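Visitor: Questions regarding the structure given below will be posed in turn.
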Amino acid sequence: MIEFRGVGKRFADGTDAVIDFSLVMPSHRVTVLVGSSGSGKTTILRMINRMVDATVGTVEIDGEDVATLEPVQLRRRIGYVMQSGGLLPHRRVLDNITTVPRLNGMGRAEADERGLSLMDTVGLDRTLARRYPHQLSGGQQQRVGVARGLAVDPNILLMDEPFGAVDPIVRADLQAELLRLQRDIGKTVVFVTHDIDEAFLLGDQVVILSTGGVIAQQGTPAEILANPASDFVADFVGADRGRRALRVVEQDGRRVVVDGDGRAAGVLTDDPAAR
Ligand SMILES: Nc1ncnc2c1ncn2[C@@H]1O[C@H](COP(=O)(O)OP(=O)(O)OP(=O)(O)O)[C@@H](O)[C@H]1O
């Protein structure tokens, strides 16, 4: 479990990126931070692995204050996947995936075996192992990024707009793959996006942020869809979805998400484990 208590971040130039953020991110669940540009999502994410240090408040992982942990060690045991993969351009795919295990002291043969097996896990053909990142499609690069994030078998996987740079069809593919993967591996995932549809698709817990990392609403997709806490949330939830206008209706005692044409898009449950 990751817990933020009264966390704030003021950058050196005086920008208050995050003002007073408190939240529990449950273990083995996907928490999605969603909000418009500049709302503080990336800053919050990076305070977990100390790429950014909080100015006030505490961030705890399983009861341990991250401020007491050595940042490099911390980063090597937390997976981090960023937009456009963040791959090292001059290193081959397999070497990109195995960078951190190798830094952690794993021998090459073992690391390579693990890397190849991770390529299977994320749906990458092993024949791509010797290629360089620029020889891959955008979707393949993202998969390498996910494999790299999983390479140290972390309990926590931080994902910062990981599918932001690919076209909608590849993106849907990657989202489906992540859901499948998460069913198998059950990591504690913190996922940042500005796409509310992506948030509702992937999140067990969705946290809608306004400027300063202020929580406008948090809850399951069902809770938020059924009861937007404010006009801000209603607007945000409604903004991108003119086409589909997803909404929740009761059908046969179940809460069903339907699109603008009344077609069922999914069944909602309050129990994340049941999804
Ligand atoms: N190093 C920095 N120095 C000063 N201000 C910063 C720094 N990093 C971020 N900020 C500011 O903090 C605020 C929050 O930024 P952050 O990147 O966390 O937002 P975000 O919600 O992730 O945005 P986006 O969706 O555009 O990535 C913004 O106003 C941003 O300009």
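Visitor: Rounded to the nearest 0.05, what FRET efficiency do TYR132 and ASP235 have when you use their Cβ-Cβ distance and R0 = 45 Å? If you can, show how the numbers build up before the last one.
Guide: Values: r = 44 Å, r/R0 = 0.97.
That gives a FRET efficiency of 0.55.
Visitor: Please give the charge dipole size of the chain, origin at the Cα centre, charges +1 on K and R Cβ atoms and -1 on D and E Cβ atoms. Round to the nearest 20 debye. Don't skip to the answer; put the middle values down first.
Guide: Working: 32 positive and 37 negative charges, 184 e Å.
Rounded to the nearest 20 debye, it is 880 debye.
Visitor: Given Cβ point charges of +1 (Lys, Arg) and -1 (Asp, Glu) and nothing else, what value in debye, to the nearest 20, does the dipole of segment 146-216 about its Cα centre take?
Guide: Numbers: 5 positive and 11 negative charges, 41 e Å.
Here segment 146-216 has a charge dipole of around 200 debye.
Visitor: Moving to a separate point now. Before I look further, what does the chain give for accessible area per residue, probe 1.4 Å, in whole square angstrom?
Guide: Details: 12820 Å² over 275 residues.
Accessible surface, normalised per residue, equals 47 Å².
Visitor: Tell me the angle of helix 168-185 to the major Cα principal axis of the chain, expressed in degrees between 0 and 90 and rounded to the nearest ten.
Guide: 80
Visitor: Still on this model: What net charge is computed for the residues neighbouring LEU174, neighbours being all others with C-beta under 13 Å from the C-beta of LEU174, Lys and Arg scored +1, Asp and Glu -1?
Guide: Details: positive: ARG143, ARG171, ARG180; negative: GLU161, ASP167, ASP173, GLU177, ASP195, GLU198.
With Lys, Arg at +1 and Asp, Glu at -1, the net is -3.
Visitor: How big, in percent, is the set of alpha carbon pairs in segment 15-112 lying more than 17 Å apart? Don't jump to the answer; show the numbers that get you there.
Guide: Numbers: 2947 of 4753 pairs.
Counting pairs separated by more than 17 Å, the tail of P(r) holds 62 percent.
Visitor: Right, here's the next one. Got a sec? Charge dipole of the chain, +1 on Cβ for Lys and Arg, -1 for Asp and Glu; which of ASN227, THR55, LEU174 is way out at the positive end?
Guide: My answer, from the dipole projection, is LEU174.
Visitor: Using alpha carbons only, how many angstrom separate the centre of segment 19-59 from the centre of segment 125-170?
Guide: Taking the Cα centre of segment 125-170 as reference, the centre of segment 19-59 is 23 Å away.
Visitor: Ok, one more. Using helices alone, what [θ] at 222 nm do you get for the chain, with -39,500 (n - 2.57) per DSSP H run of 4 or more residues, divided over all residues and rounded to the nearest 500?
Guide: On the way: 9 runs with 92 residues, N = 275.
Helices in the chain give a 222 nm mean residue ellipticity of -10000 deg cm²/dmol.
Visitor: Which of SER39, PRO101, THR193 sits farthest toward the positive end of the charge dipole of the chain, with +1 on the Cβ of Lys and Arg and -1 on the Cβ of Asp and Glu?
Guide: PRO101
Visitor: Still on this structure, please answer the following. Among the DSSP beta bridges whose two residues both lie in the chain, what percent are antiparallel, rounded to the nearest 5?
Guide: Details: 27 of 47 bridges.
Restricted to the chain, the bridges split so that about 55 percent are antiparallel.
Visitor: What are the ³J(HN,Hα) values, in whole Hz, obtained from phi via the Karplus relation 6.51 cos²θ - 1.76 cosθ + 1.60 with θ = phi - 60°, for each residue of segment 19-25 in sequence order, with x given for Gly and Pro?
Guide: 9, 7, 10, 10, 6, 9, 10
Visitor: Full-extension gain between ARG183 and THR15, please, as 0.36 nm times their residue separation minus the C-alpha to C-alpha distance.
Guide: Values: separation 168, 0.36 × 168 = 60.48 nm, distance 3.87 nm.
The span from ARG183 to THR15 would gain 56.6 nm if fully extended.
Visitor: What percent antiparallel are the DSSP beta bridges of segment 1-160, to the nearest 5? Intermediate results must be reported in sequence, preceding the final value.
Guide: Details: 13 of 18 bridges.
Counting DSSP beta bridges with both partners in segment 1-160, the antiparallel share is about 70 percent.
Visitor: Sequence-distant or interchain residues sharing an amide H contact under 5 Å with THR55, placed H: which?
Guide: For THR55, the qualifying residues are GLY8, LYS9, ARG10.
Visitor: Please get the size of the charge dipole for segment 57-147, origin at its Cα centre, with Cβ charges of +1 on Lys and Arg and -1 on Asp and Glu, quoted in debye to the nearest 20.
Guide: Working: 12 positive and 11 negative charges, 122 e Å.
That gives segment 57-147 a dipole magnitude of about 580 debye.
The values are calculated or read from the model by the stated rules, or taken from the named source; none is laboratory data. Here the structure is a predicted model, which is why all the values come from computation and not from measurement. No Cβ is skipped: glycine too gets one built from the backbone with ideal geometry, and neighbour counts run over all protein chains shown. Remember, those area values only see protein heavy atoms, side chains included, never the ligands or the DNA or RNA. Shrake-Rupley method; radii C 1.70, N 1.55, O 1.52, S 1.80 Å.
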